[in-house]
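The values are calculated or read from the model by the stated rules, or taken from the named source; none is laboratory data. Worth saying up front: this structure is predicted, and the values here are computed from it rather than measured. Positions of Cβ are generated from backbone atoms using ideal geometry, with glycine treated the same way; all protein chains shown enter the neighbour counts. Calculation scope for accessible area: heavy atoms of the full protein, side chains included, ligands and nucleic acids excluded. Shrake-Rupley method; radii C 1.70, N 1.55, O 1.52, S 1.80 Å.
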There are 4 protein chains.
Amino acid sequence: MRALYKHHAGQGLAFDPSRHIPEPGARDVLIRVKKAGICGTDRHIWQWDDWAAGRIPVGIVTGHEFVGIIERVGSAVTQYQPGLRVSAEGHICSHTDYNARTGNAHIARDTRIIGVDRDGCFADYIVIPEENVWPVHPDIPDKVAAVLDPLGNAVHTVMAAGVSAKTVLISGVGIIGLMAVTVAKAAGASRIFCTDINPPRLELAKKLGAVEAYDASKGDDWVQDVIKQTRGEGVDVVLEMSGSPIAMGQSFQALRNGGTVAMLGLPAKPVTFDFNEHIIFKGCTVLGINGRKIFETWYQMEDLLLSGRLELDDIITHEFPIEQFDKAFQTMMSGDGIKVVLNLEN
Amino acid sequence: MRALYKHHAGQGLAFDPSRHIPEPGARDVLIRVKKAGICGTDRHIWQWDDWAAGRIPVGIVTGHEFVGIIERVGSAVTQYQPGLRVSAEGHICSHTDYNARTGNAHIARDTRIIGVDRDGCFADYIVIPEENVWPVHPDIPDKVAAVLDPLGNAVHTVMAAGVSAKTVLISGVGIIGLMAVTVAKAAGASRIFCTDINPPRLELAKKLGAVEAYDASKGDDWVQDVIKQTRGEGVDVVLEMSGSPIAMGQSFQALRNGGTVAMLGLPAKPVTFDFNEHIIFKGCTVLGINGRKIFETWYQMEDLLLSGRLELDDIITHEFPIEQFDKAFQTMMSGDGIKVVLNLEN
Amino acid sequence: MRALYKHHAGQGLAFDPSRHIPEPGARDVLIRVKKAGICGTDRHIWQWDDWAAGRIPVGIVTGHEFVGIIERVGSAVTQYQPGLRVSAEGHICSHTDYNARTGNAHIARDTRIIGVDRDGCFADYIVIPEENVWPVHPDIPDKVAAVLDPLGNAVHTVMAAGVSAKTVLISGVGIIGLMAVTVAKAAGASRIFCTDINPPRLELAKKLGAVEAYDASKGDDWVQDVIKQTRGEGVDVVLEMSGSPIAMGQSFQALRNGGTVAMLGLPAKPVTFDFNEHIIFKGCTVLGINGRKIFETWYQMEDLLLSGRLELDDIITHEFPIEQFDKAFQTMMSGDGIKVVLNLEN
Amino acid sequence: MRALYKHHAGQGLAFDPSRHIPEPGARDVLIRVKKAGICGTDRHIWQWDDWAAGRIPVGIVTGHEFVGIIERVGSAVTQYQPGLRVSAEGHICSHTDYNARTGNAHIARDTRIIGVDRDGCFADYIVIPEENVWPVHPDIPDKVAAVLDPLGNAVHTVMAAGVSAKTVLISGVGIIGLMAVTVAKAAGASRIFCTDINPPRLELAKKLGAVEAYDASKGDDWVQDVIKQTRGEGVDVVLEMSGSPIAMGQSFQALRNGGTVAMLGLPAKPVTFDFNEHIIFKGCTVLGINGRKIFETWYQMEDLLLSGRLELDDIITHEFPIEQFDKAFQTMMSGDGIKVVLNLEN
């Protein structure tokens, strides 16, 4: 089969036109991949930064967002049959610890991620444990089904924070931040404010429903403007998706007392942070967001997609055949594209 | 001053062109009423049914939904000045019991309601305790500000249940049920189903955002249709606004296991109910809804109104000068009008 | 193997000294049973009442509470090895519906219960799907490990309602109600009130930590006494474990506005109930309780048992070898025993 | 009247035997103080550290924990009469902002604190707004009623985190940390672990119910011990009461994925903190704790005190007549006493 894999401990990925098709175990399914999305994580792997060098095994097939068709099922599989169109939760665990056994497998301690810790989906076939399979509703097109993983990050962040009838600040409108704008609007946020330092992304955020999109490179006056527009109190909810220490501090300033911050963005290193001012005196709630709830977030995504309210067309900007992976990665890494999808159906 | 009052223990209300203006106490404000909405409760008082005969003191000024201008404040009032445009929470209590002291004054035990237990707002002036006053945001027009009380019932029901990214069944689309449709949509409900036995109201419910509006007078096939459209599970949330025992039973059937029912509609008498099938085996949650949270619901309303997403124009259908109160009540009671407002500014 | 089974469509159970040992499937474990508890459900099956006649397949091995040792595992089992001491969650489902996939498998729609819908644990061996197995902490003795299923009902009810620093009324102190007394106390209930019509059980409830234990057969004066002892408001929480319509009505009267009722007891038929007075005007929350959360409740049980605060010695009153099943059932059904355990280790 | 006040911008307090008795406004009550507790905040004011120098107006009467008798009420007071034994919530606000109007006045933006921003309770009389008065239950002795303010900090922290049937780590067992031990146990914590660097306080923590009390000055091996004792996962809940950056980092390590941290302790300055490891990857929840909920926490305290489960005798160690204030402060500041109370009834 065709596969994109990490061929050496350095930049880039290599294309193998004839890798062995993996064999499903008794409780696994083998899925023929139709489309797969390129994630920011894949960029780290491509660029072979410190995180990638410390975590990614050389030789691995990368990619963790996809839609495909079940090709074959293991002998002990009971729920699925070949021919079903599916996506999958890429966080795989043994289901033996506290969180995995109480509906929070997304924070199981022994999680291994496809395309990061084991072979991923930038290939014609991938093996997935039965319990990680997600049947895709027929009304959801392949292009969207290919990116349910990052959309799930956005949905989990928005739903964990709770935005219904609330004012929301989204700090950072990269791919997931942009998804969060349309998700938060669909989920009932009353007014959405955004910050970033990338003007075209800010423009798109407004198109997707933000009432204000501030260029944070121009100083922090926006904080007072947000406070002014929210009864002089600050927003009810912050979705921190930038990972920038400066943006974090400003976002907490723009939060009202008793508000909620959901943190998804990963700072590059430890942050010097004023717990007194930002958390304790404010009496606020901070939520760490990791992955997606399995499968609560997936059901919420399905409901939101079926509502017809999510606008993803301007976010999923490009699609390339897998053979043009280099162009696909360059399009994504240059910022010309936002969400770029690889097509394996050719 | 002009006032509409309950002049005898029988049908109708009487108009008094020269009633004494009430005197505010030390902690009260005197408000000059601009507009006041007619509620279903006012209809009960007009018709003098058993409930009204048992509760309403003859002689009282009726009406409990309004917007006005503060005319004068008592000597110990600290927060407000004459000239402010305000509405008010009509549930007044002594703030001495558990709920009143813990943010749940809407279910205080000694609550007295304006227009029901003490003089109300169908008059040029009304006295309100300072802590019940709600300053109205300048962007909210008088017509809407006059009906924040019933809108608050809808908002409290929707927000208590939690509808964000959820499927919702609204059982009964009278005035508050219709408001609940637009509120639920704005608050992020993914898909809204409605039932009633009044075709024009069902039509309006669809216009306001319901994906299905079933005529329950034609049998209960709709229950299976709802279940079919919700993964074969049933809806996540029911908002019970009919008070009909038959509708209640059907709505619980249409609810998924583990779902939530918020009950606002008042059955006329005790209901024979299958707790095993509807609540215990389903593992569901039932919430009793009374009034509006003071003032959490009011803030939520303000946020929803400022979001621009609430569609109230088709719900607030008529406005009459107070002198035409008879026509106003007939318009409302005949069903020709939905929410009818009395104007006192002429 | 030895087994107790439902030999005919009538009263009683039969003992088979040489039934075939069941064969585990690829994802099952075979467990050698050490001890098994007799439940109220088993009494219904013994007595062959309407419910039993409508649900129980003749020929089935009964029993659903037990502790044992894994004897053998299926070919696709990954988590467990023979020799491990385990209990098991007896609610088995396909893990394909919304609740099962979101951490609420206890209310999955296709649940089948061991000893009710498929062979149970009143036998030397039982087959259980791997994902239903619960390894028992070494500090928990067999006698207690044999009754984790009903203890789990009590724990789920208590924890769903939330009793920490709250006043609690337990309506009905049968087996699970008595367990709920010691669980609620350990879980932080500030003061516990109980009602029943069985004086010895009421006495035991006080020994286990109730501050008041009212004999409801002597009228409803107790309602006013509870209200008087709770600031004139009523209790924060009711745990309804009687299934009696009269007790239900009284319990809701004894609940404060805004309180919570967790309902576990099953009324024999639909109940005529005043929703206005008991739920809507009170603004209260009613929770249907079914089974136990899988496995959140099991972890909570383990934590509570390891805290050393649960007092179960007076509740688990008798133990008989399985051959004396008739005596065991009579002891339980006469009320001489409370929780009666069958021993299969002889 | 007698009063202890901040007489200069430096160390110590001065005793004035004949200060003017303050005059209550229309909505205030005048309270004759019986007993008043000395808080860690009072120590800062005594020592005149940077915080005190920046906040405390010279001339102010200090003290914010007390019990007394209502002596006189203002003309517009409706709820209370002279002669009532009361304590009071010392956080006073205008009740005009979002939090104050939605049951969260403890985080109102314009809060002023008695004994910090306006005259406090180290005096024979204090003036308090009516809505801040808390009538004390007759079964609660003066000694305890004098320290409901700090006990409330402990109760708010414990109840916000939620400890019922959970393992809890209390990081720092100063006065409030020790109170938190007995509160957490009474509120249903299954097992309590503590850390501090003060051996006698650790000893007392064990006496009050901690299963382990680690001396953190001896290294961080305790972290692994806690994890080992909690299924290898870590505790469910951390109550951060030390304000120490090192303790914070270790406590988050000892927390399980998905756990909750309630932060009350104030770090002296911004902390360098690993948000990725401690919050985001863990998917945990962090709660800022400020003051006490008004009055939910007060009701919870009353319930806990009436349960008879709080052990405060070893925490409230000393009582001195107000004239011996110097000895009282030295006893508290030297660590010989824990909670020290001033008596004004002589």
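Some values worked out for this structure:
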| item | result |
| --- | --- |
| Any hit, region A:139-155, residues being over 22 Å from A:Phe329 (Cβ atoms), free of Cβ contacts under 8 Å to residues at least 24 places away in the same chain and either crowded, with 20+ Cβ neighbours inside 10 Å or not assigned by TED's automatic domain parsing to the domain that holds A:Lys185 (or both) | yes |
| Hey, A:Ala100 facing chain C (nearest Cβ under 10 Å) and either surrounded by fewer than 21 Cβ atoms within 10 Å (Cβ to Cβ) or under 13 Å from A:Ile294 (Cβ atoms) (or both) or not | yes |
| Residues satisfying the stated conditions in region D:329-346, i.e. closer than 23 Å to D:Gly172 by Cβ and loosely packed, with under 14 Cβ neighbours inside 10 Å | D:Ser334, D:Gly335, D:Asp336 |
| The lone exception for B:Asn153 - which of (1) out of contact with any helix residue (DSSP H, G or I) (no Cβ under 8 Å at 6 or more places or on another chain); (2) more than 25 Å from A:Gly308 (Cα to Cα); (3) polar (S, T, N, Q) it fails | (1) |
| Looking only at region C:243-253, and only at residues there that are surrounded by fewer than 24 Cβ atoms within 10 Å (Cβ to Cβ) and small (Gly, Ala, Ser), the one that is farthest from the chain's Cα centre (by Cα) | C:Gly249 |
| Pairs, first under 16 Å from B:Thr285 (Cα atoms) in region B:158-183, second open to solvent by 10 Å² or more (accessible area, probe 1.4 Å) and assigned to a helix (DSSP H, G or I), C-beta under 6 Å, six or more apart | B:Met159/B:Gln300 |
| Test: residue in region C:195-205 that is within 14 Å of chain D (Cβ to nearest Cβ) and modelled with pLDDT of 95 or more | no |
| Hits in region D:266-287 - residues which are closer than 27 Å to D:Gly40 by Cβ and open to solvent by 10 Å² or more (accessible area, probe 1.4 Å) | D:Leu266, D:Ala268, D:Lys269, D:Pro270, D:Thr272, D:His278, D:Thr285, D:Leu287 |
| Top-ranked residue in region D:299-328 [being aliphatic (A, V, I, L, M) and part of a helix (DSSP H, G or I); ranked as surrounded by the fewest Cβ atoms within 10 Å (Cβ to Cβ)] | D:Leu306 |
| Test result for A:Val155, part of a strand (DSSP E or B) and of a type in the set (A, V, I, L, M, F, W, C) | no |
| Every residue from region C:131-157 that is under 27 Å from D:Gly232 (Cβ atoms) and within 12 Å of the chain's Cα centre (by Cα) | C:Ala146, C:Val147, C:Leu148, C:Asp149, C:Leu151, C:Gly152, C:Val155, C:His156 |
| Pick from region A:158-188, criterion more than 11 Å from chain B (Cβ to nearest Cβ) and not in a helix (DSSP H, G or I), ranking: surrounded by the fewest Cβ atoms within 10 Å (Cβ to Cβ) | A:Gly174 |
| Cross-chain or 6+ apart pairs with Cβ under 9 Å, region A:299-313 first and within 7 Å of another protein chain (Cβ to nearest Cβ), then among the acidic types (Asp, Glu) | A:Asp303/B:Asp236; A:Leu306/A:Asp139 |
| Top-ranked residue of region B:76-90 - restricted to ones that are away from chain D (no Cβ under 14 Å) and open to solvent by 30 Å² or more (accessible area, probe 1.4 Å), ranked as nearest to B:Gly103 (Cα to Cα) | B:Arg85 |
| Candidates C:Arg191, C:Arg231 - the one that is at negative phi, charged (D, E, K, R) and either modelled with pLDDT of 95 or more or open to solvent by less than 20 Å² (accessible area, probe 1.4 Å) (or both) | C:Arg191 |
| Every residue from region D:252-294 that is within 7 Å of another protein chain (Cβ to nearest Cβ), over 19 Å from A:Pro245 (Cβ atoms) and among the hydroxyl-bearing types (Ser, Thr, Tyr) | D:Thr285 |
| Test for B:Glu71: is it acidic (Asp, Glu), touching a residue at least 40 places away in the same chain (Cβ under 8 Å) and crowded, with 22+ Cβ neighbours inside 10 Å | no |
| Any hit, region D:13-20, residues being closer than 19 Å to D:Leu344 by Cβ, of a type in the set (A, V, I, L, M), open to solvent by 20 Å² or more (accessible area, probe 1.4 Å) and in contact with an Asp or Glu (Cβ under 9 Å, 6 or more places away or on another chain) | no |
| Verdict on A:Ala216 being away from chain D (no Cβ under 14 Å) and farther than 19 Å from A:Val158 by Cβ | yes |
| Residue list for region D:103-116, filter: without any contact (Cβ under 8 Å) to a residue 60 or more places away in the chain and either open to solvent by less than 20 Å² (accessible area, probe 1.4 Å) or closer than 14 Å to B:Asn132 by Cα (or both) | D:Ala108, D:Ile114 |
